[in-house]
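Remarks on the structure that follows.
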Amino acid sequence: MKHFTTEEWIDFVSQVTSRKQHDAMKKHLGTGCNRCMETVALWQKLHNSAAVEASYQPPAAQVRIAKAAFAASDVAVQRRQRSSLAEVIFDSFLQPMLAGARSGGLGTRQMLYRADPYQIDVQIESKPEGNRLMVTGQLLDVSSPGVVGRDVRITLSNHRGNVIHTVTNQFGEFRGEIENTGDLEISFPGQGEKSIEISLRNALGKLHESKA
């Protein structure tokens, strides 16, 4: 008994054989050849699965979620490209504790950053009432000694949807109160089109970072 090859059965299932070949293979299956019937069944199953996969359409809601995730990622990349680095010059939480002290934070943190053209002095305090932070700071224009960064728009964010906007006064000072979620970001315009960002994770803890 002549058996057909796997390649021939694949063509048979895909319906790309000649009419004469197709009839011969169909006649062969009619003889009850288990070996060839099993081969055809396997490739028919794969062929059907591929056809279903090609016509599959994911739920519209899932497509929107996926697109939103990619869009957010792209926005984050573009945002980093438009931001400049704030260099940490001083952080009170990095200083050695006094002998006999039980903790170094005491609910207040002092930091000094440098990001052209500014030197940024920042103080973070925990509010006694509620889970909130009081953020105060001052911008000094180091490119022009004695000049402060006045009328600079400052944005505070806790990365949980709470965003506070304020503007520096004639002394370059700003002040804002925001819910304490552990994360805190301070951003403001820098040179050109770039913004300056200071990001603190666990703002009144011992972990911090500054990023572009």
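Summed over the stretch 1-41, the residues that are of a type in the set (Val, Ile, Thr), part of a loop (DSSP other than H, G, I, E, B) and open to solvent by 50 Å² or more (accessible area, probe 1.4 Å) give a count of 3.
For the stretch 132-147, a residue qualifies if it is farther than 25 Å from Gly107 by Cβ and open to solvent by 40 Å² or more (accessible area, probe 1.4 Å), and the qualifying residues are Leu140, Val142, Ser143, Ser144, Pro145, Gly146, Val147.
Take the residues in the stretch 151-172 that are in a loop (DSSP other than H, G, I, E, B) and either in contact with a His (Cβ under 6 Å, 6 or more places away or on another chain) or hydrophobic (A, V, I, L, M, F, W, C) (or both); name whichever of them is least open to solvent (accessible area, probe 1.4 Å).
So the residue we want is Val152.
For Arg175, are the conditions met, namely being basic (Lys, Arg) and in a strand (DSSP E or B)? Outline the logic, then answer.
Numbers: basic (Lys, Arg): yes; in a strand (DSSP E or B): yes.
Taking the combined requirement at face value, the residue satisfies it.
For every residue, the table says whether it meets (1) more than 23 Å from Gln170 (Cβ to Cβ); (2) at pLDDT 85 or above; (3) acidic (Asp, Glu).
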| residue | (1), (2), (3) |
| --- | --- |
| Tyr113 | no, yes, no |
| Asp121 | no, yes, yes |
| Gly130 | yes, no, no |
| Gly137 | no, yes, no |
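Okay, residues lined up against (1) in contact with a Ser or Thr (Cβ under 9 Å, 6 or more places away or on another chain); (2) at pLDDT below 85; (3) not acidic (Asp, Glu):
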| residue | (1), (2), (3) |
| --- | --- |
| Asp11 | yes, no, no |
| Gln21 | no, no, yes |
| Met25 | yes, no, yes |
| Cys33 | no, no, yes |
| Met37 | no, no, yes |
| Ala41 | no, no, yes |
| His47 | yes, yes, yes |
| Pro58 | no, yes, yes |
| Ala61 | no, yes, yes |
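The values are calculated or read from the model by the stated rules, or taken from the named source; none is laboratory data. Values in this document were obtained by computation on a predicted structure and should not be read as measured data. Cβ: placed from backbone, ideal geometry, glycine included. Neighbour counts: every protein chain shown. Just the protein is used for accessible areas: all its heavy atoms, side chains included, with ligands, DNA and RNA removed. Shrake-Rupley method; radii C 1.70, N 1.55, O 1.52, S 1.80 Å.
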